[in-house]
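What follows is a short report on a single structure.
The values are calculated or read from the model by the stated rules, or taken from the named source; none is laboratory data. Quick caveat: nothing in here was measured; it's all calculated off a predicted structure. So basically every Cβ, Gly included, is an ideal-geometry build from the backbone, and we count neighbours across all protein chains shown. For the accessible areas, the whole protein counts, side chains as well, though only heavy atoms, and no ligand, DNA or RNA atoms are used. Shrake-Rupley method; radii C 1.70, N 1.55, O 1.52, S 1.80 Å.
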Amino acid sequence: MKKRSNRWRSLLLLVLATLAMAMPVLAAGEGGDGPSMYGTFWAMLPPIIAIVLALITKEAYSSLFVGVVVGGLFLCDFSPIATLDTVINDGLVSSIEGNAGIFLFLVLLGIIVALVNASGGSAAFGRWAEKNIKTRTGAMLATFALGVLIFIDDYFNCLTVGSVMMPVTDGHKISRAKLSYIIDATAAPICMIAPVSSWAAAVAVATDGLDVGYTGIELFVRTIPYNFYSLLTFIFIIGLATMKFDYGPMKIHEMNAQLNGDLGALEGTDNIQGHPNGKVIDLVLPVVILIITCIIGMVYVGGFFGVDAWGGTDYAGDFIGAFGNTDAFIGLPWGGLIALVVILAYYICRKVITFKQAMECVPKGFVAMVPPITILTLAVALKNMINGLGADAFFESIMTGAAASLYSMLPAVIFVAACILAFASGTSWGTFSILIPIVAAIFPAGNELLIIGMSACLAGAVCGDHCSPISDTTIMASAGARVNHINHVSTQLPYALSVAGISFVTYVVAGFVQNAIISLVIGAALTIGFLFAMKKTQK
């Protein structure tokens with residue numbers, strides 16, 4: 001039976017690849033300097049193919065690669081040699097070059113996690129949690145609370161929360177799929193409403209030079225009460241945990257964990273007992289060290305200490321300015337490397353690990369991060385193909401056309417457009433960077449609808465990013481929970497779409513009442529009512 005299933009999957013891949021190569025017949029062959037499919041719906045087809053394949057085959061690597069190849073074919077108007085060059089150079093090589101910093105941070109974090117396990121810190125924390133966190137609800141809420149507290153950066157959030165809370169959730173038989181959902185739902189959503197975060201800095205940069213009537217950070221703060229997707233997601237998680245139910249594919253994974261003890265962890269990622277003298281401090285202190293050094297690294301790169309990292313403005317002593325000027329792809333590895341050295345010295349001084357054992361953790365940490373690095377490489381390569389095909393131009397034409405006839409409905413329209421673009425491209429930063437100038441051109445500066453529209457843009461970007469299998473944050477959440485990536489995507493998708501639907505209705509209300517408190521109360525009531533209704537349908 002399994003062989004037959006594999007044959008059908010292979011046949012499906014072959015058919016889709018063949019259809020993709022036959023697409024020039026359907027394309028609008030306008031000629032010109034750029035690809036004939038530039039700025040059309042065809043720009044969205046490569047990620048759609050990759051996502052559908054991933055969900056059908058339950059396999060991410062080949063699905064993403066097919067999407068990259070299809071994107072390359074479209075970008076090069078189906079020239080085989082040019083496509084090969086584009087896929088390799090503009091896709092894969094460019095992806096590795098552009099993300100070398102985050103790859104390094106992933107490896108460093110993998111090594112630190114391996115060290116924590118070897119020291120016995122994870123096992124000690126698990127024993128402490130077993131005594132102090134008595135229920136599954138408490139374990140989920142504790143995971144949620146830690147995710148909210150680590151609001152500096154979404155990558156850092158995903159990997160840190162997963163490493164710290166895995167012993168707790170495993171002890172209460174919470175599936176890795178559920179853990180990865182909580183991690184993912186408190187990564188980008190919390191960063192998008194935290195004024196001191198890498199995301200706030202990115203929004204400020206995206207609004208620089210636009211006539212919106214506010215500074216970048218001020219505009220970001222004003223959008224927070226209208227960021228319904230992020231805020232309602234938190235209500236949704238707390239509701240699920242306290243009402244003690246699940247639905248969709250997540251219900252199957254949770255029942256399997258509780259009844260059969262199958263948490264759905266990747267092979268070889270079960271918690272290691274490590275040194276018998278390990279203590280809770282052996283986990284807590286390394287996490288604190290990592291947080292401190294990463295924050296210092298990010299503001300250092302941004303110029304907080306008077307070092308002008310980018311040859312621009314000097315942000316000496318200006319924490320917010322330095323954070324807005326930083327590059328997380330440099331700051332996080334900077335802090336991660338220092339943290340690794342300090343943590344290694346601490347463990348050796350504590351005599352819970354020898355130098356030889358520490359060096360054995362280096363390849364273990366690297367191997368643990370190979371799957372997310374591979375998926376991230378392919379996902380970013382696919383984004384490069386989409387950018388080259390002019391997905392931004394396609395969505396700009398849609399938004400401009402809608403502005404004339406749906407003015408009060410525009411926040412809801414913007415939310416949906418941002419969801420689709422972020423889902424297809426797998427990037428929330430790229431999405432709001434594209435849509436923010438469009439939103440600024442539609443609404444008058446200083447108008448309340450401008451604030452609502454901007455918030456809808458940011459919320460939609462987070463929502464699409466949260467749902468997308470090719471999102472880097474989604475990939476990081478899978479890595480943080482040590483769970484199969486497609487299992488994470490398929491289980492969290494119904495939850496994310498549920499909150500997205502409620503958020504859409506709330507943005508419709510907000511467009512007319514233009515009051516954050518009224519709109520949010522209605523959205524919260526809809527969320528709680530939805531959860532009660534869903535619980536009644538579950539047996």
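In whole percents, the pair-distance distribution calculated for segment 210-260 from its alpha-carbon pairs, binned every 10 Å from zero, is 20, 30, 20, 15, 12, 3. At full extension, Phe319 and Tyr247 could sit 21.6 nm farther apart than now, given 0.36 nm per residue minus the alpha carbon distance. The accessible area of Trp128, taken with all protein chains in place and a 1.4 Å probe, comes to roughly 110 Å².
Excluding ligands and nucleic acids, what accessible area in Å² is computed for Leu497 using a 1.4 Å probe, to the nearest 10? Using a 1.4 Å probe on the heavy atoms, I get roughly 100 Å². The convex hull defined by the C-alpha atoms of segment 423-539 has an orientation-averaged projected area of 8.7 nm². Along segment 55-70 the Karplus relation, 6.51 cos²θ - 1.76 cosθ + 1.60 evaluated at θ = phi - 60°, assigns HN-Hα couplings of 6, 7, 8, 6, 9, 8, 5, 5, 5, 5, 5, 4, x, 5, 5, 4 Hz to successive residues, with x for each Gly and Pro.
With a sphere of radius 15 Å drawn around the Cβ of Gly91, what net charge do the other residues whose Cβ falls strictly inside it have (Lys, Arg +1; Asp, Glu -1)? Once positives and negatives cancel, what remains is -2. When Phe74, Phe366, Phe234 are compared by accessible area of protein heavy atoms, the largest-first order is Phe366, Phe234, Phe74, using a 1.4 Å probe. For Val342 and Met409, a Förster radius of 60 Å and the Cβ-Cβ distance give a FRET efficiency of 0.65, rounded to the nearest 0.05.
So, counting K/R as plus one and D/E as minus one, what does the shell of residues with Cβ under 13 Å around Gly239 add up to?
Details: positive: Lys244, Lys535; negative: Asp246.
Combined, the nearby Lys, Arg, Asp and Glu give +1.
Expressed as a rounded percentage, what relative contact order does segment 332-488 have, with Cα pairs under 8 Å and six or more residues apart?
Values: 151 pairs, mean separation 37.4, N = 157.
For segment 332-488, the relative contact order is 24 percent.
Using a simple spin-label model with pseudo-atoms 7 Å out from Cα toward Cβ, Ser36 and Gln258 lie 5.7 nm apart. Between segment 487-539 and segment 132-198, the alpha-carbon centres lie 21 Å apart. Within the assembled protein chains, the solvent-accessible surface assigned to Phe41 is about 110 Å², based on a 1.4 Å probe.
Other residues with beta-carbon under 12 Å from the beta-carbon of Pro469 carry, at +1 per Lys or Arg and -1 per Asp or Glu, a net charge of -3. The length gained on full extension between Ala82 and Val362, counted as 0.36 nm times the residue separation minus their Cα-Cα distance, comes to 96.9 nm.
So, with a 1.4 angstrom probe, what is the percent of accessible area on segment 326-485 that is carbon and sulfur? Walk me through the numbers on the way to the answer.
Details: 3600 of 5110 Å².
Looking at segment 326-485 in its full context, I get 71 percent from C and S.
The residues Arg482, Arg176, sorted by heavy-atom accessible surface at 1.4 Å with ligands and nucleic acids left out, run Arg482, Arg176 from largest to smallest. Spin-label model, Ile96 to Ala445: label points 7 Å out along the Cα-to-beta-carbon direction sit 4.7 nm apart. Between Lys536 and Phe305, the FRET efficiency estimated from the beta carbon spacing at R0 = 45 angstrom works out to 0.20. The residues of segment 453-524 expose, per residue, 22 Å² of accessible area to a 1.4 Å probe.
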